[in-house]
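The numbers here are math on the coordinates, done by the rules we state, and not lab data. Computed from a predicted model, the values in this text were never measured in an experiment. Heads up, the Cβs are rebuilt from the backbone with ideal geometry, glycines too, and the neighbour counts pull from every protein chain shown.
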Amino acid sequence: MQPMRKMRGNMPVKAIVVIGETVLSFPEMCHSCGGCMEVCPEKAITETGRELGVIERGSKNGLEFVHGKLRVGEAMSPPLIRKVREYARPEALTIIDAPPGTSCPVITSMKGTDFVLLVTEPTPFGLHDLKLAVGAVNILNIPCGLIINRSDMGDDKVNIYAEKENLPILMEIPFDRKIAEAYSRGEMIVDVMPEWKEKFLELHHQIEEMSFHKNH
Amino acid sequence: MGKIAVSCEEPSLDSNIDPRFGRAAGFLIVDPDTLDFSYVDNGSSQAMSQGAGIQAAENVFRSGVKVVLTGYVGPKAFQSLSAAGIDIGQNLENITVRQAIEKFKAGEVNMATAPNRMGHSA
């Protein structure tokens, strides 16, 4: 059992446990680091696949869409996110919709991108999470800018913070029932309110100017 | 009678039982006959994002107990403790370690046959 203990000691997560003379494995805890195969002197451990979720694809009006659906009960989404990102074509503009926060799925979504567009709200809660997100983006050293959603609510503390941190506010979207209604029907803001089309084109232009790709 | 591990908030017989098994602050390892005890810190499990119950089960196993008294045990901790041949008394809450031991000795603790908490996902 000694080599087994050695293996356990090497493991970053609790996927293999040795209790007395019993060895237990918890497949859903495995991060596929391969460390256990590396240290097992008997070469008793082999690798196998496990379904984390499914990837679905579609297209409309020349836009390609890919998403991953995590298996219900699955604890880890980054491996699935990496698989979805493999579908990105380097020559095409790729927009990745990341979850909120600063957890592993967010980092996995942002890593290696040319620009991070942070969408926030002008509320204490929005500002709190924005500061954390900006901290993560700065560590990854990716250019970023802000969109303030529901910009006519809350207070001006996000604007003050943005100015202090030298974060460009690229767009402000007011709280508008028409936008919410369109969204709830799965329609895009630019289709329902054509006056926004110009603003989004300008946003795209600004992002291109600021992007890592452009400046390196 | 073999030694008993009780999940607790502080290293004392008069500490409240910590109802969380995996993320308990620590375990009091008690001799139910003499009430002599030692303390096993579980702080390293509290800091884990996942797998706290499994690590806590390892900590408890190493102390050589045959019985655990606690509040809630998740599926992985339950599987680990079962593999170790450790009996689990669960659903204990809002009582002290001393009271939990007395209840156990009086046969008033229901011994678990299944986990009573869902696992957590991150």
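Take every pair of alpha-carbon atoms less than 8 Å apart whose residues are at least six positions apart; their mean separation over the length of chain A yields a relative contact order of 11 percent.
Using the average count of surrounding beta-carbon atoms within 10 Å as a protection proxy, the listed peptides A:108-115, A:203-210 rank, highest first, as A:108-115, A:203-210. Straight-line cross-link reach from B:Lys105 at under 20 Å between alpha-carbon atoms covers these aspartates and glutamates, not counting any fewer than eight positions away in the same chain: B:Asp14, B:Asp18, B:Asp31, B:Asp33, B:Asp36, B:Asp87, B:Glu93.
Taking a quarter of the surface of the Cα convex hull of the protein assembly as shown gives a mean projected area of 23.2 nm². Applying a threshold of 30 Å to the alpha-carbon distances of A:Lys83/A:Lys199; A:Lys14/B:Lys3; A:Lys83/A:Lys164 flags A:Lys83/A:Lys199; A:Lys83/A:Lys164 as lying beyond it.
Given +1 at the Cβ of Lys and Arg, -1 at the Cβ of Asp and Glu and no other charges, the dipole of segment B:6-122 around its Cα centre is 440 debye to the nearest 20. Only lysines eight or more places from A:Lys197 in sequence, or on another chain, were considered; those with a Cα closer than 24 Å are A:Lys60, A:Lys178, A:Lys214.
Within the shell of other residues whose beta carbon sits under 15 angstrom from the beta carbon of A:His216, the net charge comes to -2, with Lys and Arg scored +1 and Asp and Glu -1. Counting Cβ atoms of other protein chains within 10 Å of each residue's Cβ and taking the mean over peptide A:70-76 gives 2. Could you check which residue among B:Glu58, B:Glu108, B:Glu93 shows the biggest mean-square fluctuation in a GNM of chain B with a 10 Å Cα cutoff? Checking each option, the largest mean-square fluctuation is seen for B:Glu108.
With coordinates expressed along the principal axes, the C-alpha atoms belonging to segment A:75-206 extend over 37, 34, 32 Å, beginning with the largest.
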